[in-house]
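Values quoted throughout were computed directly from the atomic coordinates according to the rules given, and no laboratory measurement underlies them. In this text, all values refer to a predicted model and were calculated from it rather than measured experimentally. Glycine gets a Cβ as well: all are built from the backbone with ideal geometry, and neighbour counts include every protein chain shown.
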Amino acid sequence: MIYENEDQLKKGCESILAYDGRDVRVLNESRFRKELIDDLIFTAVFSPDPATSQAAGFLIRRGAASLGIISASIQPLYEAMGRREVGGFTVPAINIRGLTYDVAQAVFRAAIKGNVGPILFEIARSEIGYTKQRPQEYVCAVTAAAIKSGWNGPVFLQGDHFQINAKKFAADPEKETRAVKDLIKEAIAAGFYNIDIDTSTLVDLSQPTVKDQQRTNFTLAAELTAFIRDLQPKGITVSVGGEIGEVGGKNSTVDELQVFMDGYLEELKKRGKALKGISKISVQTGTTHGGVPLADGTVAKVKIDFDVLAKLSETSRAQYGLSGAVQHGASTLPNEAFDRFPATGTAEIHLATGFQNIIYDSKGFPPELRERIYDYLKTEMLKERKEKDTEEQFIYKTRKKAFGPFKMQLWKLSSGVRDEICSELEKQFAFLFDKLEVNGTRAVLDQFITPVDVPLKGPEALKI
């Protein structure tokens with residue numbers, strides 16, 4: 001159910017949770033995990049009363065903390081990877097655009113079965129907009145899924161592609177930079193302790209030297225890193241990622257990596273000699289976000305330059321102590337490609353559209369709802385259709401933008417439908433965890449990550 005006011009919320013929590021104005025205690029863990037958490041997350045996402053929504057989110061996060069489920073930074077593990085104390089696996093970073101509560105449960109179930117340690121749950125700046133999931137909501141949904149699925153330990157929430165829009169930056173650099181800073185501030189307050197800065201959109205390949213091409217990129221990346229360091233909670237070093245080549249553009253080179261890092265570290269030092277820099281570097285090796293849809297709506301096979309990926313990962317570790325290179329736009333790659341990432345020392349891989357495709361193309365997805373969504377796209381997204389696109393290509397490219405407008409309809413699908421869709425997803429997560437060599441890494445996670453519990457200010461009126 002969805003609680004419409006705080007009195008209803010209090011009554012629903014009786015004998016399950018206790019809140020004394022300082023923190024939350026779980027009185028009945030079984031009922032919290034099996035029953036109440038469903039009502040709390042639906043209230044946090046859909047309650048018509050903002051105060052009740054915020055109170056439900058607070059109970060989710062602090063109730064989770066009392067069970068040892070704590071938002072954390074992956075920084076210590078990535079530093080260990082940079083020192084070569086641990087390796088041989090690639091950390092999956094999973095973007096969830098729709099059915100977030102259910103899909104995250106499928107991730108946790110696969111992780112528990114595989115004894116998986118590091119997994120990042122992320123959402124990009126663009127996705128926050130079209131999926132209508134602000135950082136607080138996303139954190140609550142993933143945290144609630146951890147509670148429901150029986151997960152215990154750190155949860156890594158990541159801001160993916162906190163990106164500077166090149167056109168908006170050209171028109172008003174200060175305004176666009178401020179917009180990204182505001183998002184960073186909102187995300188950290190919500191519990192995102194891993195943030196990927198993306199200023200690679202400002203790389204200017206028309207400039208005569210690599211340093212001139214990368215200058216705005218590394219300068220602004222340093223500025224945003226310093227901003228993050230000012231905001232991060234006491235005891236936490238937010239893991240920050242940088243990017244040297246825009247995904248879908250030309251492949252990155254070792255020279256670009258070195259020029260970016262040298263310029264970035266020099267600029268960062270100007271802002272504070274002891275400031276921690278980035279822990280990883282995103283590169284371009286041949287992929288495109290979402291894949292390349294063919295005329296029939298299927299996705300073209302993309303060839304990744306794994307040699308370049310291996311060289312960039314090795315250089316980033318050997319010369320700068322980073323965890324390695326990060327591969328974006330990988331979820332639509334053929335299955336046989338995934339075991340290559342650990343073999344090439346790739347630190348992290350970003351996965352999104354492939355899971356969206358499983359949801360929409362699932363045999364369990366209601367045909368009538370799919371038809372309504374596609375009719376909506378043909379009406380509301382028509383301006384995004386390119387003249388050369390077939391209808392199948394247009395639908396493939398734009399259906400991600402229906403997750404926001406149809407969020408409630410998706411969340412309220414019958415349990416049988418959601419279970420069928422998430423069963424397919426869980427199989428894919430299990431497959432990827434195996435190929436990325438993260439099965440059996442829970443001990444590694446526990447060795448290097450000690451989550452810091454950051455107190456939250458709770459609603460004064462909510463005392464249970």
Under the Karplus curve 6.51 cos²θ - 1.76 cosθ + 1.60, θ = phi - 60°, whole-Hz ³J(HN,Hα) for the range 236-244, x wherever Gly or Pro sits: 10, 9, 4, 6, 10, x, x, 8, 10
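Of E137, E4, E243, E223, how do they rank once you tally other Cβ atoms within 10 Å and put the fewest first? All intermediate terms of the calculation are to be shown ahead of the outcome.
Numbers: E137 22, E4 14, E243 27, E223 17.
Placing the least packed residue first, the sequence is E4, E223, E137, E243.
Quote the relative contact order of the chain in percent (integer), defining contacts as alpha-carbon pairs under 8 Å separated by 6+ residues. The partial results should precede the final answer.
Details: 876 pairs, mean separation 103.0, N = 464.
Answer for the chain is 22 percent.
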Mean Cβ neighbour count within 10 Å, used as a protection proxy, ranking 166-174, 252-260, 26-34, 9-17 highest first: 252-260, 9-17, 26-34, 166-174
Amide H partners (placed H, <5 Å) of K280, local residues excluded: G242, S323
Residue (of I16, S66, N28) at the positive-pole extreme of the range 1-72, dipole from beta-carbon charges: S66
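What FRET efficiency do you get for E380 and R134 if R0 is 30 Å and r is their Cβ-Cβ distance, rounded to the nearest 0.05? Show your work: numbers first, answer last.
Values: r = 21 Å, r/R0 = 0.71.
That pair, E380 with R134, gives E of 0.90.
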Karplus-derived HN-Hα couplings along the range 187-197 (A = 6.51, B = -1.76, C = 1.60, θ = phi - 60°), whole Hz, x at Gly and Pro: 5, 5, 4, 7, x, 7, 10, 9, 9, 9, 6
Dipole in debye (nearest 20) - the chain, about Cα centre, beta carbon charges: Lys, Arg +1; Asp, Glu -1: 500
Distance (nanometres) between label positions extended 7 Å along Cα→Cβ at S30 and F431: 3.7
Computed magnitude of the charge dipole of the range 378-441 (debye, nearest 20; Cβ of K, R +1, Cβ of D, E -1): 420
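List, in the order given, every pair from K148/K378; K113/K457; K11/K132; K185/K400 whose Cα-Cα distance in the structure shown is over 31 Å. Could you put the intermediate results ahead of the total?
Working: K148/K378 37 Å; K113/K457 35 Å; K11/K132 29 Å; K185/K400 26 Å.
Flagged as over cut-off: K148/K378; K113/K457.
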³J(HN,Hα), Karplus 6.51/-1.76/1.60, whole Hz, each residue of the range 165-176, x for Gly, Pro: 7, 4, 5, 5, 5, 5, 6, 7, x, 5, 5, 5
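Grab the Cα-Cα distance for I112 and V254, subtract it from 0.36 nm times how many residues apart they are, and report the gain in nm with one decimal.
On the way: separation 142, 0.36 × 142 = 51.12 nm, distance 3.74 nm.
Gain in length upon complete extension: 47.4 nm.
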Proxy reagent accessibility, fewest Cβ within 10 Å first, across S313, S149: S149, S313
Inter-label distance for N165 and K457, nm, one decimal - labels placed 7 Å from Cα along Cα-to-Cβ: 3.1
Linear extension gain, K11 paired with D419, 0.36 nm per residue minus alpha-carbon span: 144.0 nm
Other-chain or far-sequence residues with amide H under 5 Å of D198's (modelled H): F162, Q163, I164
Separation in nanometres of the label points that stand 7 Å from Cα toward Cβ, at E387 and R372: 3.6
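Normalised by the empirical 2.2 N^0.38 Å for globular proteins, what value does the Cα Rg of the range 6-66 take?
On the way: Rg = 10.4 Å, N = 61, 2.2 N^0.38 = 10.5 Å.
Relative to the 2.2 N^0.38 Å estimate, the range 6-66 comes out at 0.99.
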Amide H within-cut-off set for G245, under 5 Å, with H built and near neighbours excluded: Q284
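Dipole size in debye (nearest 20) for the range 311-449 around its Cα centre, Lys and Arg Cβ +1, Asp and Glu Cβ -1? Can you show the working numbers first?
On the way: 21 positive and 21 negative charges, 92 e Å.
With Lys and Arg at +1 and Asp and Glu at -1, about 440 debye.
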